[in-house]
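K.L.:
The following block contains the structure, expressed as structure tokens.
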Amino acid sequence: MSKIDWGNLSFSYIKTDYNVRSYFKNGQWSELEESTSEQLTMHMAATCLHYGQESFEGLKAFKGPDGKVRVFRMDENAKRMQQSADGILMQKVPLELFTKAVVRAVQLNMDYVPPYDSGAALYIRPLLIGSGPKVGVSPSDEYTFLVFVTPVGPYFKEGFKPTKQMISRKFDRAAPQGTGHLKVGGNYAASMRAGEIAHKEGYSSVLYLDSREKKYIDEAGPANFFAIKGNKYITPLSNSILPSITNMSLIQLVQDMGLEVERRRVPMEELEEFDEVGACGTAAVISPVGQIDDVDLGKSYHFGDPGTAGPISTKLYNKLKAIQYGKEPDKYGWITIVE
Ligand SMILES: *Cc1c(COP(=O)(O)O)cnc(C)c1O
């Protein structure tokens with residue numbers, strides 16, 4: 001492997017040595033295959049290319065101060081990929097095949113797990129695609145499941161600082177009864193134009209409102225929304241939100257901290273009442289939000305001190321990170337150590 005500058009990694013693709021693959025054909029999954037190729041060969045009429053039969057996952061492996069490599073909650077990613085597969089009629093990857101592939105991909109690329117003090121991690125990207133040919137719209141008979149890994153830098157280069165989000169009613173990410181709750185590429189294609197506009201205007205992401213009525217807070221771009229109000233952790237409940245494993249983990253932590261959890265519809269007027277707001281997901285754990293601009297109505301909402309993240313968000317962020325890096329005991333059974 002070539003020398004990697006661990007301290008200056010960003011969130012971009014870096015080649016590693018191996019990826020692992022399994023193919024579904026004639027009604028069964030193949031044995032895991034180890035590959036050194038970065039290329040995929042498939043039929044030009046593959047359903048992923050034409051009709052969007054594609055789902056992906058994202059999780060991380062962390063090297064702790066003890067030198068051990070820990071993968072966070074991969075069983076949950078395995079289950080979620082099955083739900084995504086179900087939702088767009090793809091063949092489900094068996095849970096054991098998924099977790100075996102993740103572990104193997106990490107084992108084969110151990111040299112690429114960034115050292116503890118870099119703050120970086122190994123990002124793991126499982127992918128499931130319809131790879132068999134169809135011209136008429138129908139699910140593929142063949143599927144390819146692949147796991148690759150790539151080292152990524154810490155999300156916050158300038159520290160754990162609040163960002164701005166933008167509300168716009170001009171775009172929807174997902175339909176009310178659509179695929180918003182599935183981790184499928186189509187949702188990302190649908191949100192790229194809005195995301196690009198937000199970035200150009202200096203926002204970290206778009207805060208989507210519900211597509212039907214534009215009354216309730218929905219998804220925070222590629223992350224879940226949460227807010228702190230007094231003693232409560234509030235996160236929206238809707239059919240178009242992706243069930244974030246980070247959010248699920250934060251909910252567990254806040255409950256143990258003695259906070260109340262509310263998962264419910266969150267009317268956007270409630271933004272006036274929040275003490276802290278954040279977006280959560282694997283990439284950043286928590287991305288604190290200090291300001292939300294409703295660009296259609298020319299109105300801004302502010303949360304706490306513009307330069308610093310709120311105390312509860314900070315505590316949660318540190319706590320979850322400490323578990324991921326093995327600095328705190330794994331009392332929830334979230335960690336798989338890979339040797
Ligand atoms: C992946 C994803 C998230 C975050 O999920 P995690 O399991 O916490 O990484 C949130 N929203 C969307 C739309 C996503 O695709």
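The values are calculated or read from the model by the stated rules, or taken from the named source; none is laboratory data. No experiment lies behind these values; they were computed from the predicted model shown. So basically every Cβ, Gly included, is an ideal-geometry build from the backbone, and we count neighbours across all protein chains shown.
K.L.:
List the residue pairs whose Cβ atoms are under 7 Å apart, where the first residue sits in the range 311-335 and is not assigned by TED's automatic domain parsing to the domain that holds I251, the second is assigned to a helix (DSSP H, G or I) and surrounded by 20 or more Cβ atoms within 10 Å (Cβ to Cβ), and the two are 6 or more positions apart or on different chains.
P.N.:
Close Cβ pairs satisfying both conditions: D330/I323; W334/S249; W334/I323.
K.L.:
Using the structure shown, decide if G195 is free of Cβ contacts under 8 Å to residues at least 40 places away in the same chain and not assigned by TED's automatic domain parsing to the domain that holds I292.
P.N.:
no
K.L.:
Given the residues P114, P139, which is the only one that is surrounded by fewer than 21 Cβ atoms within 10 Å (Cβ to Cβ) and in contact (Cβ under 8 Å) with a residue 60 or more places away in the chain? Give the derivation first.
P.N.:
Working: P114 fails: surrounded by fewer than 21 Cβ atoms within 10 Å (Cβ to Cβ).
Only one candidate qualifies: P139.
K.L.:
Condition check: crowded, with 23+ Cβ neighbours inside 10 Å, farther than 26 Å from Y301 by Cα and more than 16 Å from the ligand (Cβ to nearest atom). Does G130 satisfy that?
P.N.:
Details: crowded, with 23+ Cβ neighbours inside 10 Å: yes; farther than 26 Å from Y301 by Cα: yes; more than 16 Å from the ligand (Cβ to nearest atom): yes.
Considered against the rule, which asks whether it is crowded, with 23+ Cβ neighbours inside 10 Å, farther than 26 Å from Y301 by Cα and more than 16 Å from the ligand (Cβ to nearest atom), G130 comes out as yes.
K.L.:
Please verify whether the range 250-267 includes one or more residues that are within 12 Å of the ligand (Cβ to nearest atom) and assigned by TED's automatic domain parsing to the domain that holds Y301.
P.N.:
Taking the range 250-267 first, the residues within 12 Å of the ligand (Cβ to nearest atom) are 250-251.
Filter once more, so that each one left must be assigned by TED's automatic domain parsing to the domain that holds Y301: 250-251.
Within the range 250-267 (the criterion being within 12 Å of the ligand (Cβ to nearest atom) and assigned by TED's automatic domain parsing to the domain that holds Y301), the answer is yes, since at least one residue qualifies.
K.L.:
Here is a follow-up. What is the one condition in (1) aliphatic (A, V, I, L, M); (2) touching a residue at least 40 places away in the same chain (Cβ under 8 Å); (3) surrounded by fewer than 22 Cβ atoms within 10 Å (Cβ to Cβ); (4) within 14 Å of the ligand (Cβ to nearest atom) that L271 does not satisfy?
P.N.:
Of (1) aliphatic (A, V, I, L, M); (2) touching a residue at least 40 places away in the same chain (Cβ under 8 Å); (3) surrounded by fewer than 22 Cβ atoms within 10 Å (Cβ to Cβ); (4) within 14 Å of the ligand (Cβ to nearest atom), only one is false for L271: (4).
K.L.:
Still on this structure, I have one more. Which residues, taken from the range 71-90, are more than 16 Å from the ligand (Cβ to nearest atom) and buried (at least 23 other Cβ atoms within 10 Å of the Cβ)?
P.N.:
Selection gives M90 alone.
K.L.:
Check whether at least one residue in the range 204-215 is under 16 Å from the mean Cα position of the chain (by Cα) and not in a strand (DSSP E or B), and report yes or no.
P.N.:
Looking through the range 204-215, at least one residue is under 16 Å from the mean Cα position of the chain (by Cα) and not in a strand (DSSP E or B).
K.L.:
Here is a list of conditions, (1) within 16 Å of the ligand (Cβ to nearest atom); (2) under 22 Å from P176 (Cα atoms); (3) surrounded by fewer than 23 Cβ atoms within 10 Å (Cβ to Cβ), and E219 meets all of them except one; can you say which number that is?
P.N.:
(3)
K.L.:
Going through A198, A174 one at a time, which residue ends up being aliphatic (A, V, I, L, M), at pLDDT 95 or above and more than 28 Å from P306 (Cβ to Cβ)?
P.N.:
The match here is A174.
K.L.:
Additional query: Can you pull out every residue in the range 229-258 that is buried (at least 20 other Cβ atoms within 10 Å of the Cβ) and within 23 Å of Q324 (Cα to Cα)?
P.N.:
Pass one, the range 229-258, residues buried (at least 20 other Cβ atoms within 10 Å of the Cβ): 233-236, 238, 240-242, 244-247, 249-250, 254.
Across the range 229-258, the qualifying residues are Y233, T235, L242, S244, I245, T246, N247, S249, L250, V254.
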